[in-house]
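Notes to accompany the following structure.
Coordinate-derived values only; no laboratory data. Keep in mind that what you see is a predicted model, and the values were worked out from it rather than measured. In this analysis, Cβ positions are derived from the backbone assuming ideal geometry, glycine residues included, and neighbour counts consider all displayed protein chains.
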């Protein structure tokens, strides 16, 4: 998805994991995924560079659809659809 | 027509059953599971083992950690004391780190300066502390097995080990059995 498309998305849940380093954002995402339904969108905020590689691999493994990310000033926003 | 197709169907069904049994066997022998034998009691190595274990557990892999020898220092609870130890056990108890927060670094330990520096850096960069990691590990159902033989050898007792919900005591056979069915088997 392009940055514009990602920006236009309406997330069902935002997980702010900016206060934690690897593997914190993954743990936060894993905890929060139970709070939304299948087909809903989750947004993850992370200041950890590695998260941009880690979240897609997690999605690939457990079956969520990874949509992409875009960078803000000091962090990134990542998006996925729950399986 | 009927006669010629029936045995084919039967053969296919048999073949399918055979394949099903084989897949089940294969699935059982290569579970989505991480087994680590942790022998080192260095802070950096325990940290690495815990971070990787947490990532694996978050990715829905079953994680089984087998703590033995020097790594057992990380499972000691500094608030607990065990009675009835002989002289050598007492000496070991005094000389080895009492708990996960007293571990030494494998490099740049500098008489304890290194771990202090690493801990302050970790805090600054929002890396979880070992205390938090063990808490998360418990939440994610990571299993910890204490090697009973090395625990006895080093003079530690069950009474001085940490309170952890998925803690058990076993021997090398348990690790070999766990590792044998895991898709990832490591040694740290």
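Here are the numbers for the structure shown:
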{"item": "Matching residues in segment B:129-144 - criterion: being outside any helix (DSSP H, G or I) and touching a helix residue (DSSP H, G or I) at 6+ places or on another chain (Cβ under 6 Å)", "result": "B:140, B:142"}
{"item": "Output for segment A:60-83, where each listed residue is within 10 Å of the chain's Cα centre (by Cα) and either more than 14 Å from chain B (Cβ to nearest Cβ) or crowded, with 20+ Cβ neighbours inside 10 Å (or both)", "result": "A:67, A:68, A:69, A:76, A:77, A:78, A:79, A:80, A:81"}
{"item": "Breaking point among (1) within 14 Å of chain A (Cβ to nearest Cβ); (2) assigned to a loop (DSSP other than H, G, I, E, B); (3) buried (at least 18 other Cβ atoms within 10 Å of the Cβ), for residue B:55", "result": "(2)"}
{"item": "Which numbered condition residue B:45 misses (of (1) buried (at least 23 other Cβ atoms within 10 Å of the Cβ); (2) away from chain A (no Cβ under 14 Å))", "result": "(1)"}
{"item": "Exclusive hit being under 30 Å from residue A:50 (Cβ atoms) and within 14 Å of chain A (Cβ to nearest Cβ), set B:113, B:117, B:122", "result": "B:122"}
{"item": "Some residue of segment A:38-52 being within 14 Å of another protein chain (Cβ to nearest Cβ), out of contact with any strand residue (DSSP E or B) (no Cβ under 8 Å at 6 or more places or on another chain), under 23 Å from residue B:49 (Cβ atoms) and surrounded by 14 or more Cβ atoms within 10 Å (Cβ to Cβ)", "result": "yes"}
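Every residue, every condition in (1) in a helix (DSSP H, G or I); (2) touching a residue at least 60 places away in the same chain (Cβ under 8 Å), yes or no:
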| residue | (1), (2) |
| --- | --- |
| B:63 | no, yes |
| B:74 | yes, no |
| B:81 | no, yes |
| B:97 | no, no |
| B:105 | no, yes |
| B:108 | no, no |
| B:113 | yes, no |
| B:119 | yes, no |
| B:127 | no, no |
